[in-house]
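*Asks:* Handing you this structure, nothing more for now.
Computed from the coordinates by the stated procedures, all read-outs in this text should not be read as laboratory data. Keep in mind that this is a model prediction, so the values were computed, not measured. Positions of Cβ are generated from backbone atoms using ideal geometry, with glycine treated the same way; all protein chains shown enter the neighbour counts.
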Amino acid sequence: MRRRKFLYQLGLWSGGVAIGSHAWAASLANPKPQRLVVIFLRGAVDGLNVLVPYTDANYYRLRPTIAIPRPGQNQGALDLNGQFGLHPALGPLMDYWQEGNLAFIPAAGSPNDTRSHFEAQRYMETGTPEDKKTTDGWLNRLLGVLPQQGSPIQALNVGNTTPTILTGRATVASLAPGAVNRVLLDQPAIATHFDRLYSGQDALSQTYREVRRARQEIMSALAMETQEANNNAPPALGFAGDAQRLGQLMRRDVQIGFMAIGGWDTHINQGSSQGQLAGRLRLLAEGLDALVLGLGRVYSETAIVILSEFGRTAAENGNRGTDHGRGNVMMVLGGPIKGTQVAGPWPGLAPEQLYQRRDLAITVDFRAVLSQILRQHLQLNDAQLARVFPGYQAPQLGFSLL
């Protein structure tokens with residue numbers, strides 16, 4: 001078998017550069033670098049149901065059917081600090097909270113107020129939300145300022161294509177995600193039966209056909225929306241296996257890892273403690289556990305950042321879901337993290353506190369959080385930070401994550 005074909009099958013060919021396994025294995029003797037993993041939840045996860053502001057009465061007023069019950073109630077939030085609770089589906093993460101390795105920033109986001117998935121993801125991945133012309137990603141620029149560790153792989157992407165965040169001059173290796181079992185949601189046999197049943201010219205049949213056409217148009221539009229929101233990211237179903245493989249490979253002096261998970265655009269039937277969102281959060285928690293397991297001994301040197309392009313509306317919509325919003329929660333996990341804290345100002349959910357009277361306001365720029373991690377964990381100086389986030393000067397945050 002030709003070497004290039006073999007490397008393609010392994011998923012370790014990217015940017016025209018082949019990565020050989022023998023040379024990589026030889027790098028295990030190199031000094032241990034500090035590591036960073038970024039996990040992007042494509043589709044805009046509902047941060048208000050991830051990190052539940054259960055002491056804010058407006059939360060329950062705005063979400064009569066999808067709010068997470070208060071701690072102590074049936075399927076209630078898991079209390080963190082007397083003000084915020086964690087979605088019960090994320091229960092496995094409570095161990096990291098109690099160990100002091102998990103922190104949350106409840107109202108973070110991008111200063112660009114677009115509600116387009118594509119634009120918001122791109123701005124967050126380029127790290128220049130004020131500049132639409134940027135073509136490379138901030139993680140790729142980060143590779144350009146990090147010291148070379150001697151490893152032939154410095155960054156590893158889990159995906160079939162190189163995402164914007166890793167696009168640029170530096171070489172990036174890609175690992176193909178594992179196979180995902182897809183579920184057929186619609187049942188054509190049942191639809192065909194009803195089409196025949198209501199094929200006449202009576203008023204009921206005509207009404208059925210009109211509703212059916214309207215539904216097909218709506219479902220088609222939603223499918224297009226979901227495709228844009230996910231931006232080629234696989235769903236959470238295969239996340240645990242991919243995350244564990246990423247962790248195992250990052251033991252070999254890989255400094256930067258990236259994964260994206262789709263399926264967070266919950267416009268319809270989002271659910272509360274159970275349901276659509278809960279199922280995906282459960283898979284997310286399992287995947288983070290698997291990532292830590294894969295990292296093994298290097299978990300103590302690894303910071304893991306979980307973020308999404310924007311949040312969702314404070315109020316639920318008429319379909320018991322949520323629409324595109326603004327502020328969102330960021331999660332930071334890892335051995336070096338100063339956890340057991342919900343960090344950053346909480347703006348509140350009263351009508352006058354909401355952005356445009358509909359969304360959680362942003363009080364922390366996502367780049368401020370990332371800049372602190374890059375400065376304190378990866379030891380970047382001011383000049384290096386300016387290359388990673390050009391035109392941005394991070395303010396002094398009132399909290400420390402490391």
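*Asks:* Packing-wise, with mean Cβ within 10 Å as the measure, how do 343-356, 95-108 rank, highest first? Please list the in-between numbers first.
*Replies:* Values: 343-356: 15.9, 95-108: 20.9.
Going by the mean number of other Cβ atoms within 10 Å, highest first, we get 95-108, 343-356.
*Asks:* Ok, one more. Please give the contour-minus-distance gain from GLN276 to ARG70: 0.36 nm per residue of separation, less the Cα-Cα distance, rounded to one decimal in nm.
*Replies:* Extending this stretch completely gives an extra 72.2 nm.
*Asks:* Still on this model: Grab the other residues whose beta carbon is less than 13 angstrom from that of GLN244, score K and R as +1, D and E as -1, and report the net.
*Replies:* Charge balance near GLN244 sits at -1.
*Asks:* Quick check on packing: order 34-45, 54-65 by the mean number of other C-beta atoms within 10 Å, highest mean leading.
*Replies:* Taking the mean over residues of other Cβ atoms within 10 Å, the ranking is 34-45, 54-65.
*Asks:* May I ask for log10 I(q)/I(0) of the range 237-312 at q = 0.11 Å⁻¹, from a Debye sum over the Cα atoms as equal point scatterers with solvent left out?
*Replies:* With no solvent term, the Cα-only Debye profile gives -0.33.
*Asks:* Any idea how far apart GLN98 and ASN269 come out in nm if each label point goes 7 Å out from Cα toward Cβ?
*Replies:* 3.5 nm
*Asks:* Roughly how many debye, to the nearest 20, is the charge dipole of the range 322-402 about its Cα centre, given +1 on each Lys and Arg Cβ, -1 on each Asp and Glu Cβ, and no other charges? Write out the running numbers ahead of the final one.
*Replies:* On the way: 7 positive and 5 negative charges, 26 e Å.
Its charge dipole is roughly 120 debye.
*Asks:* Sorted by average packing, counted as other Cβ atoms within 10 angstrom per residue and highest first, what order do 314-324, 382-392 take? Before the final figure, lay out the partial values.
*Replies:* Working: 314-324: 18.6, 382-392: 15.6.
Taking the mean over residues of other Cβ atoms within 10 Å, the ranking is 314-324, 382-392.
*Asks:* What is the local net charge at ARG141, summed over the other residues whose Cβ is closer than 14 Å to its Cβ (Lys, Arg +1; Asp, Glu -1)?
*Replies:* After counting each charged neighbour, the total is 0.
*Asks:* Right, next: For the range 245-317 and the range 323-402, what is the separation of their Cα centres, given in Å?
*Replies:* 18 Å
*Asks:* Can you work out the Karplus-derived ³J(HN,Hα) for every residue in the range 376-390? Use 6.51 cos²θ - 1.76 cosθ + 1.60 with θ = phi - 60°, whole Hz, and x for glycine or proline.
*Replies:* Calculated HN-Hα couplings, in order: 8, 8, 9, 6, 7, 9, 4, 5, 5, 4, 5, 6, 6, 10, x Hz.
*Asks:* Further question: Once fully extended, how much extra length lies between THR161 and LEU204, figured as 0.36 nm per residue of separation less the alpha-carbon to alpha-carbon distance?
*Replies:* 10.6 nm is the gain from fully extending THR161 to LEU204.
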